[in-house]
Amino acid sequence: MADEAILELYRREITPELYAEIRELWKKHSIAEDARDLPGLISTLTEDCVYELVESGRRWEGHEGAARFYLGLLSAFPDITFDLTDIVIGPQGVCEEADVTGTHLGEWLGQPPTGERLAWKVVIFFPWDAEKRLFRGEKVYTSGLPVPALVEA
């Protein structure tokens, strides 16, 4: 039997107005990311948002955590680009697939910079908060980018 929280997500109804609202917020988030506009990007997120690199178990929580995630990513890969290859928008949020490229010029997740131009794929889920009308963060799945697992000390 499905968890009640999952059933609630499954049962959400979509309207043209809700679809447009979620789509516009995703566009605002993406444009802010491309422009390196951290306050604009953060404005699309709930205060208790969570950023998660799923395979590694790494998490950043709240607006401060989201800012640390992005500052780290953009410092490590200052020329990073996300080329969208697929997208699904619904009442549960947005799921996107993208080809990513960037030159590894700064430390990322404890890994020293290599100076190499890297290419990888991501699938990112932006869960929608129906009450706050914002995204609850990002769940990021990567392929082709070695992300070190979180090692508990």
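Considering helices alone, the calculated mean residue ellipticity of the chain at 222 nm is -9500 deg cm²/dmol, with DSSP H runs of length four and up weighted by -39500 (n - 2.57) and normalised per residue.
Hydrodynamic estimate: the Kirkwood radius of the chain over Cα pairs, inserted into Stokes-Einstein at 20 °C and 1.002 mPa s, corresponds to D of 131 µm²/s. Give the angle, between 0 and 90 degrees and rounded to the nearest 10, that separates the Cα long axis of helix 62-76 from the longest principal axis of the Cα atoms of the chain. Once rounded, one gets 40 degrees. Give the cross-link partners of residue 28 among the lysines, using a straight C-alpha distance below 17 Å as the criterion and excluding same-chain residues fewer than 8 apart. Partners found: 132. For the pair residue 141 and residue 2, the difference between a 0.36 nm per residue extended length and the Cα-Cα distance amounts to 47.7 nm.
Amide H to amide H distances under 5 Å link residue 137 with 46, 50, where only residues 5 or more positions off or on other chains count and H is placed in the peptide plane.
For region 19-24, putting each phi into the Karplus relation 6.51 cos²θ - 1.76 cosθ + 1.60 with θ = phi - 60° gives couplings of 4, 4, 5, 5, 4, 5 Hz, in residue order, rounded to whole numbers and with x for Gly and Pro. Sequence-ordered 3J(HN,Hα) estimates for region 106-113 from the Karplus curve with 6.51, -1.76 and 1.60 and θ = phi - 60° stand at x, 4, 9, 6, x, 8, x, x Hz, glycine and proline given as x. Karplus-derived 3J(HN,Hα) values for region 44-51, using 6.51 cos²θ - 1.76 cosθ + 1.60 with θ = phi - 60°, are 8, 10, 5, 4, 9, 4, 10, 9 Hz; glycine and proline are entered as x. In a reduced charge model with +1 at each Lys and Arg Cβ and -1 at each Asp and Glu Cβ, the chain shows a dipole moment near 180 debye about its Cα centre.
Spatial offset of region 12-43 relative to region 93-133 amounts to 17 Å, using the alpha carbon center of each.
Bear in mind these aren't lab numbers, they're just calculated from the coordinates by the rules spelled out. As the structure is a computational prediction, the values presented were derived from the model and not from experiment. As a convention, Cβ positions derive from the backbone with ideal geometry for all residues, glycine included, and neighbour counts pool all protein chains shown.
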